[in-house]
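Below is one structure; the comments refer to it alone.
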Amino acid sequence: MNTANKLTMLRVALIPVFLILLYLRFPFHMYFALTVFILASVTDFVDGYIARHYNQVTDFGKFMDPLADKVLVMAALLWFVEAGCCWWSSCGSSPSLPCGSSPWSGGG
């Protein structure tokens, strides 16, 4: 297993850490979760750079890298939905924001 694949596996391992930090309640837990998310995002950039620059592109990396990205982002999005932090989670319940419009589009 090369360096780029190890970084991808590190990103996969950081996903449960990110979720645990979101759900545990202690001072500044959200900042720690944000730090882990940013660290995982940086490893995505770094492993791609290493794989291309040092010719470490593998079939495993081609499969696992996008999968790790999608799982990390989906974990964050699902937590947002569960926490009620999304404008789209209230579609139809607010007359000022009809379903299908965004809060940045002026409500219509």
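Each reported figure results from applying straightforward, stated rules to the coordinates on display, with no laboratory input. None of these values were measured; they are calculated from a predicted model. Counting neighbours? That spans all protein chains shown, and the Cβs are built from the backbone with ideal geometry, glycine included.
Details
- Charge context of THR43, other residues only, Cβ under 13 angstrom, K/R +1, D/E -1: -2
- Taking 0.36 nm per residue of sequence separation and removing the Cα-Cα distance, the TYR54/VAL12 pair yields an extension gain of 12.9 nm.
- The modelled label-to-label distance for the pair LEU67/MET30, using points 7 Å beyond Cα in the direction of Cβ, is 3.3 nm.
- Electrostatic tally near VAL71: other residues with Cβ closer than 13 Å to its Cβ, Lys and Arg +1, Asp and Glu -1, net -1.
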